[in-house]
Structures are given as structure tokens and as C-alpha cells.
Amino acid sequence: MLYNPQLETFLHVADAGSFNKAAAESFITPSAIEKQINLLEKDIGAELFERSHTGLTLTSAGKSLYVNAKKIIQLGKDTVESAQSASKSEENVIRIGTSLMTPADTIFPYLLEFYNYMPELKFQLVPYENTLESAQRTLSTLGTNIDVVPGIFDEELLHTRKCAGTVLSAQPIKIAVSLKHRLAQCSRVTIEDLYGENLYLMKEGWCRSVDQMRHDLIQNHPKVHVKSFDFFNVKIFNQCENNNDILMAVDKWENIHPMLKIIPVDWPYTLQFGFFHSPVPTKNVQRFIETMKTLTDKDSA
């Protein structure tokens with residue numbers, strides 16, 4: 001499984017409206033169903049259902065998860081089917097690294113059309129742990145166990161991680177806020193809307209474009225309280241949600257935390273999105289990257 005199977009139980013309970021009904025339809029006990037939901041709520045750190053004598057209703061977190069869970073499950077199933085049908089011929093397999101912060105689902109919309117260009121190529125998803133040490137090891141050894149990793153980068157980051165990269169698109173830097181934050185009801189905000197707030201940016205030296213963003217905000221918008229953090233992981237997402245702070249984000253991370261909403265900001269800051277790959281990619285990896293760039297350029301035209 002590429003997703004938590006408790007998500008399917010969650011969807012079943014949400015549709016049934018009660019533990020008893022979901023249990024009867026699944027031919028297991030209500031206590032077993034409830035235990036799975038309790039574990040899922042503990043892992044996420046939020047209540048998904050409001051429980052009453054009349055039944056269950058989704059909380060705000062539950063409603064958010066309900067929408068995204070269906071996408072995650074379908075993507076997981078599609079990915080497993082693709083991996084299972086992959087050719088045993090290693091030279092025709094592109095190994096795509098995936099982690100929480102570098103999800104492979106960002107390129108899934110292009111894969112169907114990709115087959116029209118290179119039907120002989122197959123794909124294999126290779127998960128890796130979302131830690132600083134694992135990310136450094138994975139990116140510095142691309143071409144060994146993993147061929148490409150979709151993600152955010154610039155030349156500074158590529159140099160630090162000792163790998164190469166091909167840009168597919170420019171992603172506007174947005175903000176992620178808790179669903180209970182005063183800005184959560186906004187569809188778009190200005191820099192002035194962030195005055196008086198803590199805004200967390202990746203630490204200095206991680207990415208030149210973020211360093212420039214930090215410098216501009218400190219110099220021209222000192223009322224925005226710029227803070228730093230060391231690494232993108234669930235911890236920083238939880239921290240900002242719990243403390244009602246603001247986190248820099250891009251649309252590619254919209255499914256990471258069900259209690260955070262990503263909102264565009266009227267500012268000029270962007271990040272490059274594309275593929276990390278070996279400085280000397282194989283012929284097929286190079287063809288894959290060039291074809292994906294053609295598809296994304298076509299999509300943005």
C-alpha cells in the first residue's frame with residue numbers, strides 16, 4: 001500500500017454516518033472500526049468526527065481529509081498498478097523517488113500523455129524517508145537506486161546536494177495557514193495582511209530565491225516577523241498549525257496537512273519546480289526528462 005489503509009475505513013464511516021453501519025457493511029465489529037478511526041485521528045493530530053447520540057458528522061479537518069483521501073487512494077491504486085506492470089528490463093524503467101515533501105503525484109497528470117511519446121518506458125516508485133539525512137543521501141546518489149526526484153530547487157540547492165536538476169515550471173510561493181487562522185477565509189492576501197504575523201521561511205543558505213525573499217521582507221516589510229526553520233517535514237507543518245503561525249508553501253504540498261490551507265499572496269516570489277537527477281543521467285532518463293519538460297511547457301502555454 002502507498003497510503004494508510006485507515007483512509008478507506010475513514011471514507012466508509014463518513015459515508016455510512018455511524019460506526020455500527022460501517023461495521024455491518026464491512027462485516028467487522030464496530031469497536032474495530034472505531035479503533036481504526038481513533039488511531040487515524042491520533043496520527044493526524046485532529047478529530048475527524050463529531051460524535052453524538054444521533055450519529056457522526058465530519059469536523060472541518062474531516063471534511064478536508066474526505067476530499068483529499070479519495071485522491072490519495074486513487075493515486076495509490078494507480079501507482080501500484082503501474083509499478084506492478086513495470087517491465088523487468090531495468091534499462092526501460094524510470095525509478096521515481098517519492099517522499100512526503102517530494103510527492104510523485106505532482107507528475108501523475110502527465111504520465112498518460114507521456115506514454116504517447118515513449119510507450120516502451122515503465123515507471124517504478126521508490127519511497128525514501130523524509131529526513132534531512134535521507135534526502136541528502138538520496139539526492140547525492142541519484143542514478144544508483146533512484147533516477148529522478150520531483151521537487152523544489154535552485155542552483156544553490158543543487159550544488160549543496162551534489163546533483164543536477166531540470167526546471168519544469170516556476171511555482172509561486174504561497175502561504176499555509178491553520179483552518180482556524182484569521183486569514184483562512186481569504187482566497188488571496190497581500191503582504192500587508194501578514195503584518196504582525198510570524199512567517200516561517202526555510203533557513204538562510206537553503207535556496208537563493210528564498211534568501212532574497214527574506215531580505216526583501218525584512219528590509220521593506222519589517223512588520224512581517226520572519227522566522228526560520230531547518231527542514232521541511234510534518235513537524236514544521238504541525239508547529240505552524242498548533243501555534244497559528246504562517247508557513248511558506250507551494251501548491252505541490254496541498255495534501256500534506258489536512259488542517260492547513262494554502263493561500264496565494266500578492267508578491268513576486270517564486271520557486272523552481274522540476275526534477276533532481278544525476279549530473280550524468282542515462283539516455284532513457286534524459287529522454288524522460290526532456291519529454292516531461294515538453295509536456296509541462298505545452299500545458300503552461
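Read the figures in this text as sums done on the coordinates, not as results from a lab. Nothing here was measured: the structure is a model prediction, and the numbers come from that model. With ideal geometry, Cβ positions are generated from the backbone for all residues, glycine too; neighbour counts draw on all protein chains shown.
Distances between placed amide hydrogens fall under 5 Å for THR98 paired with VAL126, TYR128, all partners being 5 or more residues away or on another chain. For region 174-268, the fraction of C-alpha pairs more than 23 angstrom apart is 16%.
Seen from SER169, the other residues with C-beta closer than 9 Å to its C-beta sum to a net charge of -2, counting Lys and Arg as +1 and Asp and Glu as -1.
Could you estimate the translational diffusion coefficient of region 67-216 from the Stokes-Einstein equation, with Rh from the Kirkwood formula over C-alpha pairs, at 4 °C and 1.567 mPa s, in whole µm²/s? Rounded, D is 71 µm²/s.
Residue separation of ALA24 and ARG51 scaled by 0.36 nm, minus their Cα-Cα distance, works out to 7.9 nm of gained length. Sum up the charges of everything whose Cβ sits under 15 Å from the Cβ of GLY45, counting Lys and Arg as +1 and Asp and Glu as -1, but leave GLY45 out. Once all neighbours under 15 Å are counted, the net charge is -1.
One chain, two ends: ASN244 and HIS221. Fully extended at 0.36 nm per residue, the span grows by 6.3 nm beyond their Cα-Cα distance. The Cβ shell under 10 Å around MET202 holds other residues with a net charge of -1, Lys and Arg each +1, Asp and Glu each -1.
Ellipsoid semi-axes for region 135-203, based on the Cα gyration tensor and the rule √(5λ), read 34, 12, 12 Å when sorted largest first.
Summarising the amide proton neighbourhood of GLU197: residues at separation of 5 or more, or on other chains, whose placed amide H is nearer than 5 Å comprise HIS225.
Sorted into 10 angstrom bins from 0, the C-alpha pair distances of the chain split as 6, 24, 30, 25, 13, 3, 0 percent.
Pairwise inverse Cα distances across region 6-69, averaged and inverted, put the Kirkwood hydrodynamic radius at 11.5 Å.
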